[in-house]
Each structure stands twice: as structure tokens, then as C-alpha cells.
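Throughout, read-outs are computed from the coordinates displayed, never taken from laboratory work. Predicted model only: the values in this text are computed from it and were never measured. Cβ atoms come from the backbone with ideal geometry, glycine included; neighbour counts cover every protein chain shown.
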Amino acid sequence: MFLKTNRRIEALITVICLALLIFCLIERAVRHALAREVKMTGLVPGQKAKPTGRLVFQALAGLRLIPATASQPALIPQPTPVQARLLDLLAVDPTQPP
């Protein structure tokens, strides 16, 4: 990447730091909601795994949002059981999209 001014370098670093902060906060929220369980099934096929930010985002990557139209509100199709569990742990209601 060729950034020619200090201002653009600062902006890039700020965006990277904000992304890392969101990544860490989501991981922390899932781990805190799991409390004593520590590991969760479904994140890694065939075994229990500690929910890392990467695993959480990989599991949620398949979620889709059907945009609202003039006659229908926005809709999130039925999430998988793992996605539903993660959304529940993060206190997100999939039936009420933003």
C-alpha cells in the first residue's frame, strides 16, 4: 500500500484499530455469555472449541438479510442452530433486523 500523507496513514491505523476492537468485543461477549461452559459445540466440526473472534465470524458469515421492500419488512432467513446460539449469546434477535 502506498499512502502518501501522514493523515492517510493515521486514518488507516484508526480503521484497523476499530476493526480489531469490534473483533475482540464480540469474542469477549460470547465468552462472557457462555460463562462456565468455556467451550462451545458446532464452531469446529466434530469437537468443542473455545469461541474465538475468527470462529464466531466464520459461523455467522452465512447469515443473510433479505432487504425490505415496499410491501415487506427486512427479513433474516432461519439461522442454523450454531448461528442461532451465537445470536442468542450476543443478545441479537434475528426476527427483528435493524
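Structure summary
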quantity: Sole residue being loosely packed, with under 13 Cβ neighbours inside 10 Å and in contact with a Pro (Cβ under 7 Å, 6 or more places away or on another chain), chosen from LEU43, LEU65; calculated: LEU65
quantity: Pairs, first within 13 Å of LEU63 (Cβ to Cβ) in region 80-92, second among the β-branched types (Val, Ile, Thr) and assigned to a helix (DSSP H, G or I), C-beta under 8 Å, six or more apart; calculated: LEU86/VAL30; LEU86/VAL56; LEU90/ILE26; LEU90/VAL30
quantity: Enumeration of residues in region 37-57 that are among the polar types (S, T, N, Q) and out of contact with any helix residue (DSSP H, G or I) (no Cβ under 7 Å at 6 or more places or on another chain); calculated: THR41, GLN47
quantity: Subset of region 1-40 that is surrounded by 12 or more Cβ atoms within 10 Å (Cβ to Cβ) and in contact (Cβ under 8 Å) with a residue 24 or more places away in the chain - its residue that is farthest from VAL82 (Cα to Cα); calculated: PHE23
quantity: Residue count, region 46-56 (criterion: surrounded by fewer than 14 Cβ atoms within 10 Å (Cβ to Cβ) and closer than 18 Å to ILE22 by Cβ); calculated: 1
